[in-house]
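S.K.: I have a structure I would like to understand better, so I am pasting it below and will then ask my questions one at a time.
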Amino acid sequence: MKNNSITIASLQDKLVSARVPASYYCLGGYREEALCILSENGKWSVFECERGYRYNEHIFETEEDACLYFIKRIRVFL
């Protein structure tokens, strides 16, 4: 049975296919003035970065939940 869950890797593919500018997001790290997603302490965080601070941060138990939320949020940047 095929696993259809979304991961950071498949999220990257979706963003490239949708032609979302790479400057709008950061997968697995921190970038100023971007939407970021990363794993910390066994949980997943999605947040906006500006001037060294995290804004509108949401924390998730699973990578898939974080990725699905990230997809909803990235639309704000487009």
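S.K.: State the percentage of accessible surface on segment 26-78 attributable to carbon and sulfur atoms; use a 1.4 Å probe and exclude ligands, DNA and RNA. Walk me through the numbers on the way to the answer.
M.R.: On the way: 1580 of 3340 Å².
In segment 26-78, the share of accessible area belonging to carbon and sulfur is 47 percent.
S.K.: Give the ranking of Val16, Val46 by solvent-accessible surface, highest area first, calculated with a 1.4 Å probe.
M.R.: Values: Val16 90, Val46 0 Å².
The most accessible residue leads, giving Val16, Val46.
S.K.: If you don't mind, there's one more thing I want to ask. Suppose all protein chains stay in the model; what accessible area per residue would a 1.4 Å probe give for the chain, in Å²?
M.R.: Values: 5260 Å² over 78 residues.
I get 67 Å² per residue for this part.
S.K.: Do you know the relative contact order of the chain, to the nearest whole percent, from alpha carbon pairs under 8 angstrom that are 6+ apart? Mind showing how you got there, number by number?
M.R.: Numbers: 113 pairs, mean separation 19.6, N = 78.
Value for the chain: 25 percent.
S.K.: Can you give the net charge of the other residues whose Cβ lies under 11 Å from the Cβ of Ser23, counting K and R as +1 and D and E as -1? Walk me through the numbers before you get to the answer.
M.R.: On the way: positive: Arg31; negative: Glu32, Glu33.
The answer is -1.
S.K.: Once the piece of chain linking Glu32 and Lys14 is laid out straight, how much longer is it, given 0.36 nm per residue of separation minus the C-alpha distance between them? Walk me through the intermediate numbers first.
M.R.: Values: separation 18, 0.36 × 18 = 6.48 nm, distance 2.16 nm.
Additional length available on full extension: 4.3 nm.
S.K.: Mind giving me the FRET efficiency for Ser45 and Arg75? R0 is 30 Å, r the Cβ-Cβ distance, nearest 0.05 is fine.
M.R.: Details: r = 19 Å, r/R0 = 0.62.
For Ser45 and Arg75, the calculated efficiency is 0.95.
S.K.: Note down the Stokes-Einstein diffusion coefficient of the chain in µm²/s, whole number, using a Kirkwood radius over alpha carbon pairs, 20 °C, and 1.002 mPa s. Please list the in-between numbers first.
M.R.: Values: Rh = 12.6 Å.
After rounding, the answer is 170 µm²/s.
S.K.: Percentage of Cα-Cα pair distances in segment 36-78 greater than 16 Å, rounded to whole percent?
M.R.: 32 percent
S.K.: Same structure, new question: For the chain, with the dipole built from +1 on Lys and Arg beta-carbon atoms and -1 on Asp and Glu ones, taken about the Cα centre, which of Leu35, Pro21, Phe60 lies farthest toward the positive end?
M.R.: Pro21
S.K.: Let me check against my output: what whole-number percent is the relative contact order of segment 1-42, with C-alpha pairs under 8 Å and at least 6 apart?
M.R.: Details: 27 pairs, mean separation 10.1, N = 42.
Taking the mean separation of contacting Cα pairs over the length of segment 1-42, I get 24 percent.
S.K.: Using 0.36 nm per residue of separation minus the Cα-Cα distance, give me the extension gain between Glu61 and Ser5 in nm, one decimal. Let's see the in-between values first.
M.R.: On the way: separation 56, 0.36 × 56 = 20.16 nm, distance 1.41 nm.
Once the chain is fully extended between Glu61 and Ser5, it gains 18.7 nm.
The values are calculated or read from the model by the stated rules, or taken from the named source; none is laboratory data. Quantities reported herein were computed from a predicted structural model and do not represent experimental measurements. For neighbour counting, all protein chains shown are included, and Cβ atoms are generated from backbone atoms with ideal geometry for every residue, glycine included. Only protein heavy atoms, including side chains, enter the accessible area calculation; ligands, DNA and RNA are left aside. Shrake-Rupley method; radii C 1.70, N 1.55, O 1.52, S 1.80 Å.
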